[in-house]
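So the structure is just underneath, and the comments pick up after that.
None of the figures in this text is laboratory data; all of them are computed from the coordinates on show. All figures in this text were calculated on a predicted structure; none of them were measured in a lab. Here the Cβ positions follow ideal geometry from the backbone for every residue, glycine too, while neighbour counts run over all protein chains shown.
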Amino acid sequence: MTNDQGVLVYLASGPNREEYENLPYDKVILIDYNYFKNDQFGDKVECWSCNVIEAVERFHQRNMKINCLVNINEGLQEGGGSFVMLSDFMMGYLSPLLKDEFLLVTNLPYYQSVHIYGKIKKLDWGFDFTQISRDEPDFVDPWQFSHYSRGRSMGKEGFGEVFRLRRIQKSKVLHLNPALDVRIKQESIWKDAHKLDFIGVSISSTKALYKMNTRDVKSFFLQKDNTHDIRGNSMLRILEYCESHNIRSIGLMPWCDGNYTEAIEAIIQHKAFHVREITFYHLSKHDYAQLYNCTQNNVKPEMK
């Protein structure tokens, strides 16, 4: 599998259908741990019997990039779906596997019963987006991916949406401490996971990730190498921990409920012995606003 081949991935796909052979992609990956008892590998369509987290690991192993992501009905109301796949945390984990420009085929009204619907419909995962109309050549009809009676009751023309998402790449260096390389990156922390000695994650609430508490997704991430839960911890405590464990490079997801006054002051005052790099990773355009705007600390944009 090379990155030049067109790959469509359908999360919580339900059963395989003959029409998927006609999709305009070189490879179609159907992922569903309820419908497939075993993996099935065809020339074009592959059916993976696993959940989305396990699938992400396989994508990394196969060096596979996704051109089109389909997410129509996760089974949150019925069907055993246990977490929201379009949540920030899951999209962040998927982000390194998505092409810099990819298509999202979905049905946003489906998420109206989920309390984070307002966030989901903004598609704010570190991408700019435009909606694709039915008369555009790369439109992929959402209708063909669902036989869900309640969703299809609105008719073919009104069912689902297709969006083109283009990756935003933004970075700033923060000149807060001459002994430290401090920067902000608008990209997934998992892209750089292999070169970070400390990965600080913060799941804001279980409700943001789960619909039903049947699968401990948070534990999965905390079992990953160098990964720590920083929710409720100050920047000072994080730095003290890293110094005491001879940690050089720190990567942090947004936490602190948007208030980084203490974090800025802790970095300014820190006497570095082992820590040399601190990177604040984010996807949403509104994350780290305080850090981006701390011009009083001589913040300069990084030249690309």
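Distance in nm between label sites at H194 and D257, each 7 Å beyond Cα in the beta-carbon direction?
Between H194 and D257, the label points sit 3.9 nm apart.
Would you please give the residues with an amide H less than 5 Å from that of G6, counting only those at least 5 places away or on a separate chain, with H modeled from the backbone geometry?
D26, K27
Quick check: convex hull of the Cα atoms in segment 7-167, volume per residue, rounded to a whole Å³?
Spelled out: Cα convex hull of segment 7-167, divided by residues, is 114 Å³.
Among the aspartates and glutamates, which fall within straight-line cross-link reach of K37, defined as a Cα-Cα distance under 14 Å, with same-chain neighbours fewer than 8 residues apart omitted?
Here the aspartates and glutamates satisfying the reach criterion relative to K37 are E46.
What full-extension length gain, to one decimal in nm, is calculated for K44 and R237 as 0.36 nm per residue of separation minus the Cα-Cα distance?
64.4 nm
Would you kindly derive the ³J(HN,Hα) couplings of segment 278-291 from the backbone phi angles with the Karplus curve 6.51 cos²θ - 1.76 cosθ + 1.60 (θ = phi - 60°), listing them in order in whole Hz, with x for Gly and Pro?
Result, ordered by residue: 10, 10, 9, 9, 7, 10, 5, 5, 8, 5, 6, 4, 5, 5 Hz.
Would you mind putting 217-228, 102-113 in packing order, based on average other-beta-carbon counts within 10 Å, highest first?
Sorting 217-228, 102-113 by mean packing, highest first, produces 102-113, 217-228.
Where in segment 25-121 are there GluC sites (Glu not before Pro) that are in a DSSP coil and have at most 15 other Cβ atoms within 10 angstrom of their Cβ?
Sparse-neighbourhood loop GluC sites (Glu not before Pro): E78.
Which ³J(HN,Hα) values, rounded to whole Hz and listed in residue order, are derived for segment 109-117 from phi using the Karplus coefficients 6.51, -1.76 and 1.60 in 6.51 cos²θ - 1.76 cosθ + 1.60 with θ = phi - 60°, glycine and proline given as x?
x, 4, 8, 4, 7, 9, 5, 9, 4
Quick one: 3J(HN,Hα) in Hz for segment 265-270, Karplus 6.51/-1.76/1.60 with θ = phi - 60°, rounded, Gly and Pro as x.
Calculated HN-Hα couplings, in order: 5, 4, 5, 4, 7, 5 Hz.
Non-local amide H neighbours of V45 (under 5 Å, H modeled in plane, Pro and chain starts lacking H): which ones?
Correct list: V28.
Amide H of E161 versus every other amide H placed in the peptide plane: which residues, excluding those fewer than 5 positions away on the same chain, fall under 5 Å?
T106, N107, L108
Listing Y20, Y10 from the residue with the fewest other Cβ atoms within 10 Å to the one with the most, what is the order?
Y20, Y10
If we sort 237-250, 190-203 on the protection proxy, mean other Cβ atoms within 10 Å, highest first, what's the order?
In decreasing order of mean packing, 237-250, 190-203 become 190-203, 237-250.
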